[in-house]
Every structure is written in structure tokens, then in C-alpha cells.
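A short write-up of the structure that comes next.
The values are calculated or read from the model by the stated rules, or taken from the named source; none is laboratory data. The shown structure was predicted, so the numbers you read here are calculated from the model rather than taken from an experiment. Positions of Cβ are backbone-derived with ideal geometry, glycine not excepted, and every protein chain shown enters the neighbour counts.
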Amino acid sequence: MKKFSAGLQELTILETEKIRVTRYSEFLLLYLENLNFSQQIICDFGCGTGVLGIYAAKRGAQLVTGFDIDPDAIDLSKENIEINDCFNFQPHPIGNSVIDETYDFIISNPASLPTVKASGKEFFSGGIYGIDMIQDLFDFSAQHLKKDGRLFFLQTSLSSINKAANYAHDKGFNYKIIGVFQTEIRDHYQEFWHRVEHNQRTGDAHFVEINGVHSEIVYLVEAKYRERP
């Protein structure tokens, strides 16, 4: 269980070994303090623990819908919704849902580490360039983001920023980095570090090394529909 303050909101979030509130999510929560959620229709894409959607719900959103491919994440989100008493947040398994809603904001902390999916590791697997779920996010947003809506998500520099930005452009979106933070790379990343090093040589991954310590840069991205000429 994790207890922390997000703006004026006190949140209590249950975690599991597989599904947890990451440093990335905490960084995104800091930015979300600047958004006006009052009476907005919100989507938490890849909701995990539900922390982003719970925060939006407690900030006055009219309705929050969460989606995740993992049934364990849906169950955990429901537990956290009950603990935090915000029943205008409804999580659903994305594979079994008929989605006819459009959203003012879509918020997401997608898996974006450059590694293929393996049993028990799906929560951080983003494919060989780290952008598989980001592509899914833009596919979803192209269908369900309102024309004046905004998408906010996080992407690590260990994944391909260029490929993600190009995919966003192809889907009709601007890709704009609006915030960054640097964080030390954790030991469990070593199991796919060979992929990071390969992607670095091709320009599809970047990291900082100072005195033998490796750090990644995490980007906060805002995407909106491009204005048509």
C-alpha cells in the first residue's frame, strides 16, 4: 500500500509486485495538478493501479473510464476506487469493451521499455523499440479523443522518441515534449540492457552515464490533433 499526496488529494493506493505506482506516474501526477478536470470526460489508458484515474475523479471529473489489458489490473483498480471513494471512475478490460465514448483528456503511463513481452513482465514491455503500447495509445486516441481534446503520457528515453513522434504524426497528432526528469536506471533493467545498447547505436535509445551510473530521461508528452491547412 502506498499513501501520498497529489496536489490537495490524499491518495491511498494498493499495489502488487506486478502492478504498482511507478516513478513515472508520480511525475505525471505533478503535472496533472495544472489541469482543470472539472466536469471533464477522462480516460485512463492502461490504468494499472488506477492512480491516474482516481486522481482525475477526485479532482472533479464528470466521468473517468479506465482500460487495461490485464484483468488483475482491473481488479486492483476496483479495490483502489473503493478505498478512495471515487465511484465516478469505471475500469474495464479493453479487449472486451465496446467503446462509444469520446474524451476531453486521455492520460496514460504506457509500458515503454524496449523489451518483448514475457510472462510476468508485461507491465513494462513495450516491444523492441519500446513503443508498442504508445502506438496502441495513438490508435485509441485517433478514435476516442475529442477534436479539441488533449492526450498526456510519459515516455522513457530508452525507447524510440523519433518512432513514437512519427507514428503520432501519421495518426494526425502533434507530439510535444512539455516536461522532463532524470532518474537512475534500476537493476532489473539489466535483463534487457543489450536491447538498449543496440537501440542506442541506431539512435532509438538514449541514456546518461555519469561516473558509471546510468540514468534515463523521462519525457512528459502532450499530443493534440494537428491543425489542417
Query raised in the report: If we scan the range 73-87, do we find a residue that is in contact with a Pro (Cβ under 6 Å, 6 or more places away or on another chain), surrounded by 14 or more Cβ atoms within 10 Å (Cβ to Cβ), free of Cβ contacts under 8 Å to residues at least 40 places away in the same chain and hydrophobic (A, V, I, L, M, F, W, C)?
Result: yes
Requested in this report: Among the residues of the range 8-47, write down those that are of a type in the set (A, V, I, L, M, F, W, C), within 23 Å of I178 (Cα to Cα), modelled with pLDDT of 85 or more and assigned to a loop (DSSP other than H, G, I, E, B).
Outcome: V21, L35, F37, C47
Report summary line: The condition from (1) surrounded by fewer than 16 Cβ atoms within 10 Å (Cβ to Cβ); (2) assigned to a helix (DSSP H, G or I) that S5 misses is numbered (2)
Query raised in the report: Any residue at all in the range 183-192 that is touching a strand residue (DSSP E or B) at 6+ places or on another chain (Cβ under 8 Å), modelled with pLDDT of 95 or more and not small (G, A, S)?
Result: no
Query raised in the report: Out of curiosity, is E209 farther than 17 Å from S25 by Cα, modelled with pLDDT under 95 and surrounded by fewer than 18 Cβ atoms within 10 Å (Cβ to Cβ)?
Result: yes
Query raised in the report: Residues in the range 136-149: is at least one under 30 Å from G212 (Cβ atoms) and either in a loop (DSSP other than H, G, I, E, B) or among the aromatic types (F, W, Y) (or both)?
Result: no
Query raised in the report: Of the residues that sit in the range 146-160 and are crowded, with 24+ Cβ neighbours inside 10 Å and among the hydrophobic types (A, V, I, L, M, F, W, C), which one is farthest from Y175 (Cα to Cα)?
Result: L158
